[in-house]
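As structure tokens, the structure follows; a few thoughts come after it.
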Amino acid sequence: MTRAAVIGAGSWGTTLANLLCDRGETVTLWAYEPEVAEEINRRHRNDLFLPDAPLKPELKATTDLGAALEGATLVVSAVPSHVVRRVMTGAAPHVARGAVVVSASKGLEPDTLKRMTEVLAEVLPGAAIAALSGPTFSREVYERQPTAAVAASRAADTARRAQQAISAPWFRLYTNDDVIGVELAGALKNVVAIAAGILDGLGMGNNSRAALITRGLAEIARLGAALGAKPATFAGLAGMGDLLMTATGPLSRNRSLGIEVGRGKPLEEVLARRLSVAEGVGTARAAVALAAKVGVELPIAREVAAVLFEHKPPRQAIGELMERSLKSETWS
């Protein structure tokens, strides 16, 4: 039996903690909000972030990082990407030597533009770190709908340990050694999903959506190639799989945010009504900065950032994308 700590009690962290309990593991879930921890312990629910979802009674929650991590041989980092460094720095003194640390957050650190495993490697030097990514709506995983995802690490043994620790009969994990590609795909697909939502909000149809998703994947792969990722990763679960789901699925937080923006609502108003984080908002600006740093063009991400942060009208952004100079599909 594994003793596991899941750090972050949002919908995804709660779902993963419940999955690990379903496997028979001893699990403690760390929550930032005292009321969330109290409700999980008292009512076995987390109605703030995963409503109408009874949790395993064996699942325990706490707001004390030390208590959550005590004796854990598996640590899952599931807090929003912009607070991973702060939260996991606080966790570092309590992470056991030899524990596998799995990053379940999808995004880029706003200031440094680093991927989540890079952040974890800095605050947990010497730790065995893997990234978990793929097409995984938390609600469907909670409902035990068949799901496949990826556990990625440059160390084959670490990837296998994460795979064995988290896989379940309804949650099939594959290993991958391309951490760069897996994490970039998981972060940037959220930006494309916002763009897809904007198209939906504007009332545009299937032609527009298909073109956007295809060219969005090309952007992600282009940046990945510049940073050393493997092209095949972007055709897999962490690439095309996650992108298709997030850009088209009704449970996508990023797509739904884009729909509201496409309908003319200011970003500030949309964000003010949301409890859960839409990671693509921060990632849009970070992706554009990272691409500029390595000399790669991301026209879709650039226009999404302009719509979100510069109040650019969505129809103008689409027009400028369509009127760019004509190019070869495979060269641009």
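Side notes on the structure shown:
- Scaled against 2.2 N^0.38 Å for its residue count N, the alpha carbon radius of gyration of region 22-123 is 1.11.
- Of every Cα-Cα pair in region 3-177, the percent that sits beyond 21 Å: 42 percent
- Sorted fewest first by neighbouring Cβ atoms within 10 angstrom, Val191, Val307, Val150 come out as Val307, Val150, Val191.
- Whole-angstrom gap from region 275-307 to region 50-71, using each part's C-alpha centre: 33 Å
- Extreme residue, positive dipole direction of the chain, given options Gln164, Val123, Thr233 (C-beta unit charges): Thr233
- For the listed residue pairs Lys114/Lys312; Lys106/Lys312; Lys56/Lys230, the alpha carbons are over 32 angstrom apart in Lys56/Lys230.
- One chain, two ends: Leu326 and Arg209. Fully extended at 0.36 nm per residue, the span grows by 40.2 nm beyond their Cα-Cα distance.
- Counted over the chain, the DSSP beta bridges are approximately 20% antiparallel.
- Ordering of 63-74, 152-163, 98-109 by packing [mean C-beta count within 10 Å, highest first]: 98-109, 152-163, 63-74
- R0 of 30 Å, Cβ-Cβ distance Arg222-Gln164: FRET efficiency to nearest 0.05: 0.30
- For region 111-174 and region 236-271, distance of Cα centres in Å: 22 Å
- Each of Tyr32, Tyr142 has some number of other Cβ atoms within 10 Å of its Cβ, and from fewest to most they run Tyr32, Tyr142.
- Taking region 165-197 and a reference point 7 angstrom along Cα→Cβ of Thr248, the backbone N atoms nearer than 20 Å belong to 185-197.
- Positive end of the dipole of the chain (Cβ unit charges, origin at the Cα centre): among Leu257, Pro80, Ala193, the Cα lying farthest that way belongs to Ala193.
- Fully extended contour minus Cα-Cα distance, from Thr63 to Arg263, at 0.36 nm per residue: 68.1 nm
- Taking every Cα-Cα distance in region 87-193 and sorting them into 5 Å bins from zero, the calculated P(r) comes out as 2, 13, 21, 23, 20, 14, 5, 1 percent.
- Annotation: Cα Rg of the chain relative to the compact-globule expectation 2.2 N^0.38 Å equals 0.96.
- Between Leu275 and Arg86, residue separation times 0.36 nm minus the direct Cα-Cα distance comes to 66.1 nm.
- Of all DSSP bridge pairs formed entirely within region 1-106, close to 5 percent run antiparallel.
No value in this document is a laboratory result; all are computed from the given coordinates. For clarity, every value in this text was computed on a predicted model and none was experimentally measured. Ideal geometry is used to build each Cβ from the backbone, glycine not excepted, and the neighbour counts take in all protein chains shown.
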